[in-house]
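See structure below.
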Amino acid sequence: MNTSAAVKKTAPDWHRADIVAALHKQGWSLRKLSREIGLSAGALNNALDRPWPKAERIIAATIGQPPEVIWPSRYAKRHSKPVLPPLVSAMVLADPASALS
């Protein structure tokens, strides 16, 4: 099997409305939570549109889910290992010190 053709399927990220609804069920809004932790009122909104690990952890903890469950695509990218071409891999395995210089 060709590894480049095998694309890892991840669960879809939660929709922003689902995240906001989950916060509301816990008695919070993004604005109120942002102020409570000492950020500007709209700061946590940024985590809904782009990666921001600190804000993701805060939102996830408030909801009661790990951030990897809420944003699986973001964490799949963060925890992936780069695939080296065969020649580079062979060079690194043969002599790691010289491959770095």
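The values are calculated or read from the model by the stated rules, or taken from the named source; none is laboratory data. This one's a predicted model, so the numbers in the text were calculated from it and none came from an experiment. Backbone-built Cβ (ideal geometry, glycine too); neighbour counts: all protein chains shown.
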Check your understanding: Hey, does region 29-40 have a residue that's in a loop (DSSP other than H, G, I, E, B), in contact with a Lys or Arg (Cβ under 8 Å, 6 or more places away or on another chain), surrounded by 11 or more Cβ atoms within 10 Å (Cβ to Cβ) and modelled with pLDDT under 95?
Key -> no
Review point. Given the residues Val88, Val92, which is the only one that is surrounded by 13 or more Cβ atoms within 10 Å (Cβ to Cβ) and either touching a helix residue (DSSP H, G or I) at 6+ places or on another chain (Cβ under 9 Å) or modelled with pLDDT of 75 or more (or both)?
Key: Val92
**Study point:** Considering residues of region 41-63 that are more than 16 Å from the chain's Cα centre (by Cα) and of a type outside the set (A, V, I, L, M, F, W, C) only, the residue modelled with the lowest pLDDT
**Key:** Gly42
